[in-house]
Amino acid sequence: MKPYQYDAVVLGAGAAGLTLALRLPKHIRVAVLAKASLTESATLYAQGGISVVLDKNDSVTAHIDDTLSAGAGLCDETTVRYVIENAKRSIEWLINNGVAFTRNNDKKNEYHLTKEGGHSHRRIIHSADATGHAVETTLADQARNAANIDIFDEHIAIDLIKKNNRCVGAYVLNKSSRQIDVFSAKATILATGGAGKVYLYTSNPDVSTGDGIAMAWRVGCRIGNMEFIQFHPTCLYHPDAKSFLMTEALRGEGAKLRLPPTPKSGNKTSNKGQAFLHKFDPRGELAPRDIVARAIDHEIKRLGLDYVHLDISHRDADFIFEHFPTVYERCKEFGFDLTKQAIPVVPAAHYLCGGVVASIDGQTDLEGLYAIGETACTGLHGANRMASNSLLECLVMADAAADHITQFVSKINHPKKIDPWDASRVTPSLETVEINHNWDELRRVMSDYVGIVRSNKRLKLARKRIDNLKQEIHDFYANHHISNDLIELRNLVTVADLIVRSAMIRQESRGLHYTLDYPNSSDTAENTYLSLSDEEY
Ligand code: FAD
Ligand code: SIN
């Protein structure tokens, strides 16, 4: 077992982790860990862009108001204000680091801004429809070249190490050597992203398994607002299209959601199905995501459909090629021409508003442990995240956390002796079939019973099945050699359990949590915080 020692160990290399590593001063020694390749992350696939006030008709106040309104009473206003007031600074930092955002065709000295649901103005800066790729690859190149940063890809953190009520690092599986190493640190940072893989249908990449949340839970940190799962309204529907998002910017640029045409409903001249969103919200296609996703879910269930259609074919083909090259190409791979036809889409799990309870500079309940980005729950999103506010949160929080960590590591010594990993497990790794079975069952239970529309009955059914899975997975974990898949499965079942427990506590409908048994919001808006009971601890 190799002991590594750093000032800061950053678990995760998406926008949050890489920004933090690059924002720390050069005298601080940093390790950045990624459990797959360095760039594989939700960040890499982000399409729409990053929200920031740049239009002269827009204002920071309007951005704050829109965010608070989407958050349905549960945002922390101080956090919202801080993030939005610092947005421009963060975007300038990205530009200075080489991220190329799309410029306006008419005025080349200005950036092109798109619009997305819930935003009252055009305020999404973007790199065509592959903003995340531009951000992630640029930051990864910078990190690879930074003398104070060591990169460990294909390294998956298993558990945090807690000593004298302080976090002093993590046990990490090196996936190539299969060794478990100790990474000791003055500051340990969870930047492990979201948990979309807890659902069957998700826009998220395979790495989004909620590891940071489960690890923080096991060392006693509070986990907040886990019932608020955002379903993106429009993911490509095709049996071979794993997790492909049709960016909301399409709707910002005029795309319509329609029912698939039937001989009766189709408009004879265009053979287009009926648009339907205006029946659910006067803002139509640009209503906030929870409303759009619920409307689609409602129509799919009401009419027994497999999907609805997203249609931007009325826009000029050149405009589509210029603004949506990635989406155009991906659709083409599946035989759809975005410039000529409507595309089948369904909602899919997309973003976790809850997470490890953290202050805006990433401090958690445990000294020495920070949580930033999608893993954290800071109060920015409340009960519903507004589109394109999440990359922004990663950037601003990472900057604020870097300041706090710089002070913190200058005041403390390196942890002394750290217990080695308990290598007493003797049974060989589980068969793939056993892991896959539990994984599939868990994701199906979550999709069927804890999806866009919930009820007491379905939540109880979910709870019962998850309790069984928890026990079985715990036994697997206690007895078998550790593998990447077993680590992820153990974390996913914890995350599923936290989502269901939080959903059962919230006896009202608010933001992304909608239940048939309590369709209205209660008069008092409160966050849901869970922490390990003494018995479990
Ligand atoms: P990620 O980018 O997900 O990075 C997580 C990192 O943690 C990875 O490096 C992973 O390997 C590592 N990791 C995880 N577990 C472990 C472990 N146990 N050990 C070691 N490493 C680990 N938001 C916007 O604001 N605008 C958009 O346009 C937008 N589009 C999106 C499109 C898609 C398809 C998706 C999925 C999301 C989109 N989002 C968008 C949301 C946004 O991309 C994410 O919220 C954000 O990128 C999260 O960044 P992060 O750094 O917190 O996590
Ligand atoms: C999208 O491009 O639709 C995703 C934007 C987001 O999730 O913020």
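The values are calculated or read from the model by the stated rules, or taken from the named source; none is laboratory data. On a predicted model such as this, the values are computed, not experimentally measured, just so you know. We place every Cβ from the backbone using ideal geometry, glycine too, and count neighbours over all the protein chains shown. Side chains are part of the model used for accessible areas, which takes the heavy atoms of the whole protein and leaves out ligands, DNA and RNA. Shrake-Rupley method; radii C 1.70, N 1.55, O 1.52, S 1.80 Å.
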Checking rank on 32-45, 73-86, 140-153, with mean other Cβ inside 10 Å and highest first, the result is 32-45, 73-86, 140-153
Estimated [θ] at 222 nm from DSSP helical runs (n ≥ 4, -39500 (n - 2.57)) normalised by residues in the chain, nearest 500: -11000 deg cm²/dmol
In whole Hz, with x marking every Gly and Pro, tabulate ³J(HN,Hα) for region 451-461 from phi via Karplus 6.51 cos²θ - 1.76 cosθ + 1.60, θ = phi - 60°. x, 5, 10, 10, 8, 4, 4, 5, 5, 5, 4
For Thr78, placing the label point 7 angstrom along Cα-to-beta-carbon and taking region 41-69, residues whose amide nitrogen sits under 20 Å are 61, 64-65, 67-69
Using a 1.4 Å probe on heavy atoms of the protein chains only, the accessible area for Tyr328 in Å², nearest 10, reads 30
Evaluate the distance, in nm, between pseudo-label points positioned 7 Å from the Cα of Leu200 and of His481 along their respective Cα→Cβ axes. 3.4
Residues of region 108-150 with backbone N under 17 Å of the label point set 7 Å from the Cα of Ala100 along Cα→Cβ are 108-112, 126-142
For the chain, with only Lys/Arg (+1) and Asp/Glu (-1) charged at the beta-carbon, what is the dipole magnitude about the Cα centre, in debye rounded to 20? 420
Quick one: dipole size for region 161-273, taken about the Cα centre, charges +1 on Lys/Arg Cβ and -1 on Asp/Glu Cβ, in debye to the nearest 20. 140
Solvent-accessible area per residue for region 116-178 at a 1.4 Å probe radius, Å²? 37
Approximate spin-label separation Asp316-Ser410, in nm, with each point projected 7 Å along Cα-to-Cβ: 5.5
Tell me, what is the FRET efficiency for Val453 and Glu110 to the nearest 0.05, using R0 = 45 angstrom and their Cβ-Cβ distance as r? 0.60
Distance cut-off 19 Å, Cα to Cα: go down the list Lys88/Lys115; Lys26/Lys186; Lys175/Lys470; Lys279/Lys457 and report the pairs above it. Lys175/Lys470; Lys279/Lys457
Using DSSP, restrict attention to beta bridges with both residues in the chain and report what percent are antiparallel, rounded to the nearest 5. 60
Across Lys35/Lys416; Lys242/Lys460; Lys242/Lys340, pairs whose alpha-carbon gap is larger than 28 Å: Lys242/Lys460
Post the alpha-carbon centroid distance, region 361-384 to region 323-337, in whole angstrom. 36
Descending accessible area (1.4 Å probe), largest on the left, turns Phe321, Phe101 into Phe321, Phe101
Under a 1.4 Å probe, counting only protein heavy atoms, Ser410 has an accessible area in Å², nearest 10, of 90
Sorted by accessible surface (1.4 Å probe, heavy atoms of the protein chains only), largest first, Leu259, Leu516 come out as Leu516, Leu259
Scalar couplings 3J(HN,Hα) for region 244-255 by Karplus 6.51 cos²θ - 1.76 cosθ + 1.60 (θ = phi - 60°), nearest whole Hz, x for Gly and Pro, are 9, 8, 9, 3, 5, 4, 4, 5, x, 9, x, 5
How much length is gained on full extension from Ala241 to Lys460, taking 0.36 nm per residue of separation minus their Cα-Cα distance? 75.6 nm
Just how far, in whole angstrom, is region 178-254 from region 32-100 if you go by their alpha carbon centroids? 17
So what does the Cα-only Debye profile of the chain read at q = 0.08 Å⁻¹, as log10 I(q)/I(0), no solvent term? -0.49
For Leu461, what accessible surface area do you get with a 1.4 Å probe? Give it in Å², rounded to 10. 60
The chain - percent of accessible surface contributed by carbon and sulfur, probe 1.4 Å: 47
Apply 1/(1 + (r/R0)^6) to the Cβ-Cβ distance of Glu253 and Asp419, taking R0 = 41 Å, and write down the FRET efficiency to the nearest 0.05. 0.15
If R0 = 25 Å, then Ser521 and Asp365, at their Cβ-Cβ distance, give a FRET efficiency to the nearest 0.05 of 0.30
Quick one: accessible area per residue over region 264-396, 1.4 Å probe, rounded to a whole number of Å²? 38
Residue by residue through region 363-374, what is 3J(HN,Hα) from phi via Karplus (6.51 cos²θ - 1.76 cosθ + 1.60, θ = phi - 60°)? Round to whole Hz and write x for glycine and proline. 5, 9, 6, 10, 4, x, 10, 10, 9, 9, x, 5
At 7 Å along Cα-to-Cβ for each site, give me the label-to-label distance between Lys163 and Gln341 in nm. 6.2
Where both residues lie in region 1-145, what percent of DSSP beta bridges are antiparallel, nearest 5? 55
Would you kindly state how much longer the chain becomes between Leu532 and Arg144 on full extension, computed as 0.36 nm times their sequence separation minus their alpha carbon distance, in nm to one decimal? 135.9 nm
